[in-house]
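Novice: Starting off with a structure, shown below.
What follows draws every value from the coordinates through simple rules; no lab data is involved. Since the structure is predicted, the reported quantities are computational estimates derived from the model, not experimental observations. No Cβ is skipped: glycine too gets one built from the backbone with ideal geometry, and neighbour counts run over all protein chains shown.
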Amino acid sequence: MSTREIVLSPEVLAQALNTAHPQHAASLKALQMSASHGLCALIPTGCADCLNHLLESSGADAPGLLKLADLPLKISWMATLCPDDPESWIAQPGVWRHQVLAALQQTGSEARLLTRDSHFLKHEPAALTPEDFCNSLATESHPPVPLEFIDLKAQQDRLRPALERRVAKVLRHGRYILGPEVAELEKALAAFTGVSQAIGFSNGTDALLAALMALDVGPGDAVLTTSFSFFATAETIAQVGAVPVFLDICADTWNLDPNTLETAIERFRQNSPGLCLRGLVTVDLFGQPCDYERILPILEKAQLWLLQDGAQAFGALWQGSRVPTQGLIGCTSFFPAKPLGAYGDAGAVFTEDAALADKLRSIRVHGQSGDDKYNNLRIGLNARIDTLQAAILLEKLAIYEEEISLRGEVACAYFGDLMDLNEQAGETILRLPTILPGTTSVWAQFVIEVPHRDQVQAALRADGIPTAVYYGKPMHLLEAMRPFGGKPGDCPKAEAAARRVLALPFHPYLSAEDRRRIVNSLRRALLNP
Ligand SMILES: *Cc1c(COP(=O)(O)O)cnc(C)c1O
């Protein structure tokens, strides 16, 4: 069984809850076995009436009834599911059957239906009794469920009713473009970061592009940035016609090295008199803020602005303030796999500068004027955040602070598991991330450095453990950046990191059991290569 979900018919749930029912033990056992195989049980909310009726009519006395929370299995309630043909259920008995079938349709072809209903058992190929289900789990071979690199499902199971309510509300009011959820999200984002202006964008890349446009960066300009980041950081600088100037990183944090910044600025101004150096785009890589304590004074002295690419570090703390609020403008991405992710593309821009915020809002909608939408003031973009994505993000933002803590706990546990291999006795077997004092990471990725990365990655893959490499090539060496003249040796620390970094599976709901599986496989690969 490769599915991770089962649909529970209400009579099976009623039996599992009712200790007096003759089939209680068998039904409960099926739920226990589902849980131990990592499955999640779905039940349509539309079956609640039927469930209540079964519990009442079974004559069970209240003390014999278990609570849902007593069940060993995680139950996820699904929204009420309407059939295509309402005539088929109005005034008919067994409406709950439609709900169960509609739930089954949503879960894909491999999901099974746990039921004792004779109609289902006769007509529905996915249906099986709790006893048959237990037998199949016990006898068929079930390869371990492959680990997810980032498991977005676990969070969705937790938030499903709230997400479904939010989405349904948008479908009902129909204001898909800049609907009320966008303003509500912008307010919540501003409150979360403590900054006065938060503006939703279509994605993190458009957010960066709009920020550069708002800063009037264009041909004849140059912008400093790190060489070790996702392509969009430098791509957007080139998109507006400016020249990206790549700087090296610190070997231990993988973030821009402040030591190189001052000399880089002086050298650039001496050697490139035809270009105007405008500012610096920092990246808070893998979730950790850069060393702004040293970066900010250097920029101030050189009269350069800071644009922050906080796509991986939204909400991380630097000296008590949230990323990305350390610069003149900060950007983030809500790409699904980022620490705070939507169910599609989305992003945001943050600033304390009200005039820049007005300009950004105008750029977001074709350079429109605030008063007259057919009076375009400037060349802009079509880069609004979707109302639907804003609605989803509102529910996810509500638990984000707690998820940041969970991320910290998972990272801490990884540290505990791997600490003994970290640069022990002069011999480096692996290198764990370094977090600067005064900062916290939101752990967009849990990245380590290993020797012989390809072999380690292959060994983990053979054990069903996915890993990823961020980034295999520093940006100054990418083909697309060739016009800017980067060559090997320009950023030696970024080039060395690119050969050794390896991201392990990571998400706030990573279980201790899965983490042990990852760590054991990694230790085998490193210690007995
Ligand atoms: C993801 C990411 C982006 C781009 O964000 P999108 O929402 O995918 O456009 C930009 N910069 C960095 C550092 C990123 O990690």
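Novice: Nearest 10 degrees is fine. How inclined is helix 400-418 to the longest principal axis of the chain, computing both from alpha carbons?
Specialist: Value to nearest ten degrees: 80.
Novice: When the Kirkwood radius is taken over all Cα pairs of region 390-472, what Stokes-Einstein diffusion coefficient follows at 4 °C and 1.567 mPa s, in µm²/s?
Specialist: Numbers: Rh = 15.2 Å.
Value of D from the Cα-based Kirkwood radius: 86 µm²/s.
Novice: If we sort 135-141, 258-264, 324-330 on the protection proxy, mean other Cβ atoms within 10 Å, highest first, what's the order?
Specialist: Details: 135-141: 10.3, 258-264: 15.9, 324-330: 25.1.
Taking the mean over residues of other Cβ atoms within 10 Å, the ranking is 324-330, 258-264, 135-141.
Novice: While we're on this one: Rounded to the nearest 5, what % of the DSSP beta bridges within the chain are antiparallel ones? Can you show the working numbers first?
Specialist: Working: 25 of 56 bridges.
The antiparallel proportion sits near 45 percent.
Novice: Which angle from 0 to 90°, rounded to the nearest 10, does the C-alpha axis of helix 204-214 make with the longest principal axis of the chain?
Specialist: 30
Novice: Can you give the alpha-carbon Rg of region 1-149 over 2.2 N^0.38 Å, where N counts its residues?
Specialist: Numbers: Rg = 15.2 Å, N = 149, 2.2 N^0.38 = 14.7 Å.
Cα Rg divided by the expected 2.2 N^0.38 Å: 1.03.
Novice: Out of F192, T205, L178, whose Cα points farthest toward the positive end of the dipole of region 165-211 (charges: +1 Lys, Arg; -1 Asp, Glu; placed on Cβ)?
Specialist: Sorting the options by dipole projection puts first L178.
Novice: Work out, step by step, the length gained on full extension between H366 and Y176: first 0.36 nm times the residue separation, then minus their alpha carbon distance; give nm to one decimal. Let's see the in-between values first.
Specialist: Details: separation 190, 0.36 × 190 = 68.40 nm, distance 1.76 nm.
Fully extending the segment from H366 to Y176 adds 66.6 nm.
Novice: Which three lengths, in whole Å and largest first, does the chain cover when its Cα atoms are put on their principal axes?
Specialist: 87, 67, 38
Novice: At a Förster radius of 30 Å, what calculated FRET efficiency corresponds to the Cβ-Cβ distance of R524 and D490, to the nearest 0.05?
Specialist: The calculated FRET efficiency here is 0.20.
Novice: To the nearest 20 Debye, how big is the dipole of region 114-217 about its Cα centre, given +1 on the beta carbon of each Lys and Arg and -1 on that of each Asp and Glu?
Specialist: Working: 11 positive and 14 negative charges, 101 e Å.
Dipole size: approximately 480 debye.
Novice: Roughly how many debye, to the nearest 20, is the charge dipole of region 390-480 about its Cα centre, given +1 on each Lys and Arg Cβ, -1 on each Asp and Glu Cβ, and no other charges? Let's see the in-between values first.
Specialist: Values: 6 positive and 13 negative charges, 58 e Å.
Roughly 280 debye, rounded to the nearest 20.
Novice: Please order H37, H24 by the number of other Cβ within 10 Å, starting at the fewest.
Specialist: Details: H37 14, H24 18.
With the sparsest Cβ surroundings first, the list reads H37, H24.
Novice: Sticking with this structure for a sec: Please give the FRET efficiency for K67 paired with Q92, using the beta carbon to beta carbon distance and R0 = 35 Å, rounded to the nearest 0.05. Write down the numbers at each step before the final one.
Specialist: Working: r = 32 Å, r/R0 = 0.91.
Plugging the Cβ-Cβ distance into 1/(1 + (r/R0)^6) gives 0.65.
Novice: Under a Cβ-only charge scheme (Lys and Arg +1, Asp and Glu -1), can you give me the dipole magnitude of the chain about the Cα centre, in debye to the nearest 20?
Specialist: Numbers: 46 positive and 60 negative charges, 105 e Å.
That gives the chain a dipole magnitude of about 500 debye.
Novice: Go through 459-467, 113-121 and give me the packing order, highest mean Cβ count within 10 Å leading.
Specialist: In decreasing order of mean packing, 459-467, 113-121 become 113-121, 459-467.
Novice: At 4 °C and a viscosity of 1.567 mPa s, what translational diffusion coefficient does Stokes-Einstein give for region 58-141, taking Rh as the Kirkwood radius over Cα pairs? Give it in µm²/s as a whole number.
Specialist: 84
Novice: Roughly how tilted is helix 180-193, in degrees to the nearest 10 and between 0 and 90, from the longest Cα axis of the chain?
Specialist: It is inclined by approximately 60 degrees.
Novice: Between E293 and D132, what FRET efficiency comes out of the Förster formula 1/(1 + (r/R0)^6) with R0 = 56 Å and r the beta carbon distance, rounded to 0.05?
Specialist: Numbers: r = 63 Å, r/R0 = 1.13.
Plugging the Cβ-Cβ distance into 1/(1 + (r/R0)^6) gives 0.30.
Novice: How far apart, in nm, are the 7 Å Cα→Cβ label points at R269 and E402?
Specialist: About 5.1 nm, to one decimal.
Novice: Ranking request for peptides 268-274, 73-79, 449-455: highest mean number of other beta-carbon atoms within 10 Å first, then the rest in descending order. Can you show the working numbers first?
Specialist: Working: 268-274: 10.6, 73-79: 17.9, 449-455: 15.6.
So the order, starting with the most tightly packed, is 73-79, 449-455, 268-274.
Novice: Using only Cα positions of region 475-529, each an equal point scatterer, no hydration layer, compute I(q)/I(0) via Debye at q = 0.15, 0.17 Å⁻¹ and quote the log10 values to two decimals.
Specialist: -0.66, -0.72
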